[in-house]
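Take a look at the structure set out below.
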Amino acid sequence: MGPLSRMLGRAEPLTPLIPSAADSAPETPLMPLLSMEMLRNPPHRTWLEAAIRARCSAIPLGDDLLLCRILGRFKFHVDAKDEGLAPHLLLDGYWEYWVTEYICRNTEPGMVAADVGANAGYFTVLMGDLVGANGRVHSVEPGARSVRLLERNVAVNGFGGHTTIHPLAVGAEAGIAILRSTLAEPKNAYTVPPGYPAPRGVIEEQVKTAPLDDLMDVVDIMKIDVEGAEEQVWAGMQRLLGRSPRARILFEFNAGRCHDPAALLRDMAGRFTLRFLDFDSLTKPADVAVLLGNREDTMLVLEAGA
């Protein structure tokens, strides 16, 4: 395999023994899929983002369903009514690239990975390729509409054999909750206890809840994005953390969504040095006062020994 072929992730073509009509056909531009090695170790982030965008394409499948290409590599179903995530995947082919890069950099074959709050499965599919057939992915998503897309996306990329989809919400304990979402922003779905009055235009569905402690034995890398259930999720994953001393966890935090954000950060600091993932995909020390005063999402990085 030559150097260019290694970069593009394809093998050298075999030289035919008998010339064919194709040998004299006009040459057409080649747009190979990006290799996993290229996603892991790109020559430059800007170059890679451009290469991913160049490979974007989409076809309609009916019933507001579109099939597109993400990360220059994977087939991915999106809902045409989704105004929050789908436009980025359709036009750019990636989402939150600083998070994508971190996961590519820190997920190895054979690992156990978890995508908690998976939505349609963008990070689930990426993790499925990174851990390979000898690894395992746990994908947790409560919304029925998102779960249907998630199941399609895992299946169409061939990762069903090593991906477990948990169609429920994560909490401190097993139970029942009400999931609220909108057609335009399914990725911002959130849970409330039964009986809360619903705002106009919000879709509600009853979902099961379970602690992460009960969903998996161990984990090596995990991304958590749960839109207001952070404290409950943290409470329900303490035994899992004890079983997974080397785990790397990306935990989206927003003080404005917590009942007692200071207490949550104290608990986290009791296990980990608080760090966050910056937009350059590098982990940096986190200031508790800044986290408590910020009403924007921050991706905390919880790593043993960091």
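Given the structure, is VAL226 surrounded by 13 or more Cβ atoms within 10 Å (Cβ to Cβ), at negative phi, not charged (D, E, K, R) and not in a strand (DSSP E or B)? Give the steps one after another, and end with the answer.
Numbers: surrounded by 13 or more Cβ atoms within 10 Å (Cβ to Cβ): yes; at negative phi: yes; not charged (D, E, K, R): yes; not in a strand (DSSP E or B): yes.
So VAL226 passes the test.
Is it true that some residue in the range 193-208 is buried (at least 17 other Cβ atoms within 10 Å of the Cβ), part of a strand (DSSP E or B) and either at pLDDT 95 or above or out of contact with any strand residue (DSSP E or B) (no Cβ under 9 Å at 6 or more places or on another chain) (or both)? Within the range 193-208, one or more residues are buried (at least 17 other Cβ atoms within 10 Å of the Cβ), part of a strand (DSSP E or B) and either at pLDDT 95 or above or out of contact with any strand residue (DSSP E or B) (no Cβ under 9 Å at 6 or more places or on another chain) (or both). The numbered conditions (1) under 19 Å from LEU300 (Cβ atoms); (2) part of a strand (DSSP E or B); (3) over 12 Å from the mean Cα position of the chain (by Cα) are all true for VAL78 except (1). Checking each residue in the range 233-270 for being in a loop (DSSP other than H, G, I, E, B), under 25 Å from CYS104 (Cα atoms) and within 21 Å of the chain's Cα centre (by Cα) picks out MET237, SER244, ARG246, ALA247, ASN254.
In the range 65-110, the qualifying residues are those that are among the small types (Gly, Ala, Ser) and at positive phi, and the one that is surrounded by the fewest Cβ atoms within 10 Å (Cβ to Cβ) is GLY110.
The values are calculated or read from the model by the stated rules, or taken from the named source; none is laboratory data. Owing to the predicted nature of the structure, the values given are computational and were not obtained by experimental measurement. Here the Cβ is made from the backbone with ideal geometry for all residues, glycine too, and neighbour counts use every protein chain on show.
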